[in-house]
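The values are calculated or read from the model by the stated rules, or taken from the named source; none is laboratory data. Treat the numbers as computed from the prediction; the structure is a model and nothing was measured. Note: accessible area is taken over every heavy atom of the protein model, side chains too, but ligands, DNA and RNA are not part of it. Shrake-Rupley method; radii C 1.70, N 1.55, O 1.52, S 1.80 Å.
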Amino acid sequence: MKKELLIYSCIFIILSILMHFDQWVSYPVDHMLNLKTSGAYGLGVYHPFVFTLILYILFLVPRAIIKLFKKY
């Protein structure tokens, strides 16, 4: 469980830095405060978590398949 949480957290951090690099470098506190009013695809404040979950699932499926075949 700890490993999966670490993977999710790393994906979250990498995505946030890659997608909003200029905001994190220029004004990170303002960027965090404006998160509550964001309107990304109608998800609002939850959009970072939803997009991270989607990418996490995309990484999880191949890992699960490989793990399944390694057992046999």
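Computed with every protein chain present, the accessible area of residue 27 is close to 110 Å² [probe 1.4 Å]. Compared with the direct C-alpha span, the chain from residue 9 to residue 55 gains 15.4 nm at full extension, assuming 0.36 nm per residue.
If I fit a long axis through the Cα atoms of helix 2-19 and take the longest principal axis of the Cα atoms of the chain, what angle between them do I get, 0 to 90°, rounded to 10? It works out to around 40 degrees.
Just one of (i) 33, 28, 4; (ii) 28, 23, 10; (iii) 31, 13, 9 is semi-axes √(5λ) of the Cα gyration tensor in Å calculated from these coordinates, so which is it? It is the value labelled (iii). Relative to the current alpha-carbon distance between residue 20 and residue 66, full extension at 0.36 nm per residue lengthens the span by 13.3 nm. These residues, 19, 32, 1, go from largest to smallest accessible area, 1.4 Å probe, as 1, 19, 32.
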